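The values are calculated or read from the model by the stated rules, or taken from the named source; none is laboratory data. Remember, it's a predicted structure, so these values are computed and weren't measured experimentally. For neighbour counting, all protein chains shown are included, and Cβ atoms are generated from backbone atoms with ideal geometry for every residue, glycine included.
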Amino acid sequence: MHPNPTFRTTPDDQSLAFVRTRAFGTLAVNGADGPLLAHVPILLSDDAGSADLHLVRSNPILRCLPADVVISVMGPDGYVSPDWYGVDDQVPTWNYVAVHLRGRLEILASDDMRDMLDRQSADAEGHLAPKPAWKTDKMTPDLLDRMMRQIVPCRLTITTIDSTWKVSQNKPEDVRLRAADELEQAGLRPDAAQLAALMRKPPA
């Protein structure tokens, strides 16, 4: 997390809403031979006290559990040229949004896997309406059972939420808005417009 407190003032509920929308993060844990990472879909509980995820059975992270872990959820990011501010004596920087969820990750009972997959797919499929939602009962039972045995359900009990929303909120408004316009026009990354929108209206 960025050490500047200016970028660390976003309320937890806004950061959690961001995590709920992104629904994908990088899981990090200390393994016996060094750090281990996995890139996983995540599903926050209704009260945001926990997050469900699953790992393929061969993932070495499973041999470390239970363990204290962090999940990093990244949002839009992009280079900001000092020329875009329209004022002197600026330096290049990189704006971004990131939320870290810390806590204890544990393996759930294998019987929980289908329910978790149903809940995760329902969350994702809900954004595709009016397309009929995909459900596990569309699969051949024997094939579904074999696939379920290859993945392991896990749950993170969240103890800490840290976030950085670095969107030039340390600059005067006119300077920040000018840079946002230039960032969007440059279109250096697919999410440039999203980042520019956050720069125009920084989090509270």
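Restricting to the range 137-159, name every residue that is touching a residue at least 60 places away in the same chain (Cβ under 8 Å) and of a type in the set (Val, Ile, Thr).
Kept after step one, since they are touching a residue at least 60 places away in the same chain (Cβ under 8 Å), are these residues of the range 137-159: 149-158.
Answer for the range 137-159, where residues must be touching a residue at least 60 places away in the same chain (Cβ under 8 Å) and of a type in the set (Val, Ile, Thr): Ile151, Val152, Thr157, Ile158.
Please go through the range 159-180 and give me each residue that is part of a helix (DSSP H, G or I), surrounded by 14 or more Cβ atoms within 10 Å (Cβ to Cβ) and out of contact with any strand residue (DSSP E or B) (no Cβ under 8 Å at 6 or more places or on another chain), ordered by number. First the steps, then the outcome.
Step one: of the range 159-180, the residues part of a helix (DSSP H, G or I) are 173-180.
From the residues that got through so far, the ones that are surrounded by 14 or more Cβ atoms within 10 Å (Cβ to Cβ) too are 175-180.
Residues satisfying the conditions are Val175, Arg176, Leu177, Arg178, Ala180.
Evaluate the range 115-135: report whether one residue or more is touching a helix residue (DSSP H, G or I) at 6+ places or on another chain (Cβ under 8 Å), over 22 Å from Val73 (Cα atoms), among the aliphatic types (A, V, I, L, M) and assigned to a loop (DSSP other than H, G, I, E, B). Scanning the range 115-135 turns up at least one residue that is touching a helix residue (DSSP H, G or I) at 6+ places or on another chain (Cβ under 8 Å), over 22 Å from Val73 (Cα atoms), among the aliphatic types (A, V, I, L, M) and assigned to a loop (DSSP other than H, G, I, E, B). On the stretch given as the range 38-93, residues that are surrounded by fewer than 17 Cβ atoms within 10 Å (Cβ to Cβ), farther than 22 Å from Ile151 by Cα and aliphatic (A, V, I, L, M) total 3.
Quick grid of which residues meet (1) of a type in the set (Val, Ile, Thr); (2) touching a Lys or Arg at 6+ places or on another chain (Cβ under 9 Å); (3) modelled with pLDDT of 95 or more:
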site: Arg20; (1), (2), (3): no, no, yes
site: Pro35; (1), (2), (3): no, no, yes
site: Arg57; (1), (2), (3): no, yes, yes
site: Pro66; (1), (2), (3): no, yes, yes
site: Val69; (1), (2), (3): yes, yes, yes
site: Met74; (1), (2), (3): no, yes, yes
site: Ser81; (1), (2), (3): no, no, yes
site: Val91; (1), (2), (3): yes, no, yes
site: Ala98; (1), (2), (3): no, yes, yes
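Condition check for Gln185 on (1) at pLDDT 95 or above; (2) over 30 Å from Tyr79 (Cα atoms); (3) not acidic (Asp, Glu): one failure, at (2).
If you go through the range 18-77 and pick out every residue that is part of a loop (DSSP other than H, G, I, E, B), in contact (Cβ under 8 Å) with a residue 12 or more places away in the chain and farther than 29 Å from His127 by Cα, you end up with 4.
Within the range 78-96, the set of residues being outside any loop (DSSP other than H, G, I, E, B) and out of contact with any helix residue (DSSP H, G or I) (no Cβ under 7 Å at 6 or more places or on another chain) comprises Tyr79, Pro82, Asp83, Thr93, Trp94, Tyr96. Look at the range 98-117: where a residue is without any contact (Cβ under 8 Å) to a residue 40 or more places away in the chain and a partner is among the hydrophobic types (A, V, I, L, M, F, W, C) and surrounded by fewer than 16 Cβ atoms within 10 Å (Cβ to Cβ), sitting 6+ places away or on another chain with Cβ atoms under 8 Å, you get Arg114/Leu144.
Would you check which residues across the range 136-158 are in a loop (DSSP other than H, G, I, E, B), closer than 19 Å to Pro41 by Cα and over 25 Å from the mean Cα position of the chain (by Cα) and list them?
Arg149
Would you confirm, using the coordinates I've provided, whether Leu195 is surrounded by 15 or more Cβ atoms within 10 Å (Cβ to Cβ), in contact with a Pro (Cβ under 6 Å, 6 or more places away or on another chain), of a type in the set (A, V, I, L, M, F, W, C) and touching a residue at least 60 places away in the same chain (Cβ under 8 Å)? Criteria met by Leu195.
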